[in-house]
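Student: Just dropping this structure here.
The values are calculated or read from the model by the stated rules, or taken from the named source; none is laboratory data. No experiment lies behind these values; they were computed from the predicted model shown. Cβ placement follows ideal geometry from the backbone for every residue including glycine, while neighbour counts extend to all protein chains displayed.
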Amino acid sequence: MIKNQKLELTWIGKDVRPKLEPRILLEDSTKSYHAKHRISPSLR
């Protein structure tokens, strides 16, 4: 019996990584859920 047998999941296209494009996130204050007044900047 082999003690160091490694199980691995394989599927078609597993090694093909999609190229993700970077996104810039802009805050829309009308859709934001945080409080309008902050107590201190350290609590962000």
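Student: Out of curiosity, is Ile24 over 27 Å from the mean Cα position of the chain (by Cα), surrounded by fewer than 10 Cβ atoms within 10 Å (Cβ to Cβ) and either modelled with pLDDT of 85 or more or assigned to a loop (DSSP other than H, G, I, E, B) (or both)? It would help to see each step written out before you state the result.
Tutor: Working: over 27 Å from the mean Cα position of the chain (by Cα): no; surrounded by fewer than 10 Cβ atoms within 10 Å (Cβ to Cβ): yes; either modelled with pLDDT of 85 or more or assigned to a loop (DSSP other than H, G, I, E, B) (or both): yes.
Answer is no for this residue.
Results for (1) modelled with pLDDT under 85; (2) of a type in the set (A, V, I, L, M); (3) outside any helix (DSSP H, G or I); (4) at positive phi, shown as yes or no for each residue.
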{"site": "Leu7", "(1), (2), (3), (4)": "no, yes, yes, no"}
{"site": "Thr10", "(1), (2), (3), (4)": "no, no, yes, no"}
{"site": "Gly13", "(1), (2), (3), (4)": "no, no, yes, yes"}
{"site": "His34", "(1), (2), (3), (4)": "yes, no, yes, no"}
